[in-house]
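Taking it in order: structure first as structure tokens, then the write-up.
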Amino acid sequence: MSLETLVAGLPDYARDLRLNIGTLAHEPALSAQQRGGTFIAAAIAARNAALIGAVTREFAPTLSAEALSAARAAAAIMGMNNVYYRATHLLGGDYPNLPARLRMNVIGRPGVEKVDFELWSLAVSAINGCEMCVRSHEQMVRQGGLTQEQVQAALRIAAVVHGVAVVLDTEAAVAGASLAEAA
């Protein structure tokens with residue numbers, strides 16, 4: 001299913017999400033690679049299979065094979081890091097000072113421009129709610145030359161993609177509950 005078809009099928013209570021995703025799909029503050037990678041990494045982080053498929057079909061053609069792999073890698077590595085660093089931050093004490101002892105080689109060699117990988121990691125970290133990672137990746141992209149407008153654009157994409165995933169999951173749960181009640 002295309003992203004356009006998926007979004008058009010959202011219920012009326014999600015009208016704002018339909019409008020926002022349409023606008024963000026053409027967000028001029030980001031390059032095509034930054035925009036496409038942010039959409040793909042955010043969809044993976046939002047964990048809705050239909051949305052991941054539709055977003056990938058929409059944006060993968062705008063990315064090189066290396067960029068598509070890097071967007072997926074950003075979602076994967078942040079899926080691990082966000083849990084670890086959020087927990088050590090919440091625990092406090094000496095935990096944040098202990099070495100993580102987790103392999104994170106892709107961060108150093110993502111296969112695309114470092115600033116783009118950091119932007120995708122920022123979007124995923126925002127979805128996953130890791131304050132420490134959000135701050136770290138925002139600092140890296142700003143040092144890499146991105147503007148506040150570009151950071152905000154990536155965060156808006158992450159927020160809307162996550163909102164669409166919430167709606168899709170809600171509608172699937174309601175439909176499943178209705179089928180169960182009918183049986």
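In order along the stretch 91-106, the phi-based Karplus estimate (6.51 cos²θ - 1.76 cosθ + 1.60, θ = phi - 60°) of 3J(HN,Hα) comes to 5, x, x, 8, 4, x, 8, 6, x, 5, 6, 10, 6, 9, 4, 4 Hz; Gly and Pro are listed as x. Direction-averaged projected area, Cα convex hull, the stretch 11-114: 8.6 nm², rounded to one decimal.
Working note: 222 nm ellipticity from helices only, DSSP H runs with n ≥ 4, each -39,500 (n - 2.57), summed and divided by the residues of the chain, gives -24500 deg cm²/dmol to the nearest 500. Rounded to the nearest Hz, the phi-derived 3J(HN,Hα) couplings of the stretch 37-47 under the Karplus curve 6.51 cos²θ - 1.76 cosθ + 1.60 (θ = phi - 60°) are x, 5, 4, 5, 4, 5, 5, 4, 5, 6, 6, where x marks glycine and proline. Derived scalar couplings between HN and Hα for the stretch 160-171 equal 5, 4, 5, x, 5, 4, 4, 5, 4, 5, 4, 5 Hz in order, rounded to whole Hz, by the Karplus curve 6.51 cos²θ - 1.76 cosθ + 1.60 (θ = phi - 60°), x for Gly and Pro.
Note on the stretch 20-56 and the stretch 65-141: Cα centroid distance 18 Å, given to the nearest whole angstrom.
Only the coordinates and a few stated rules stand behind these numbers; no lab work does. All values reported here derive from a predicted model rather than from experimental measurement.
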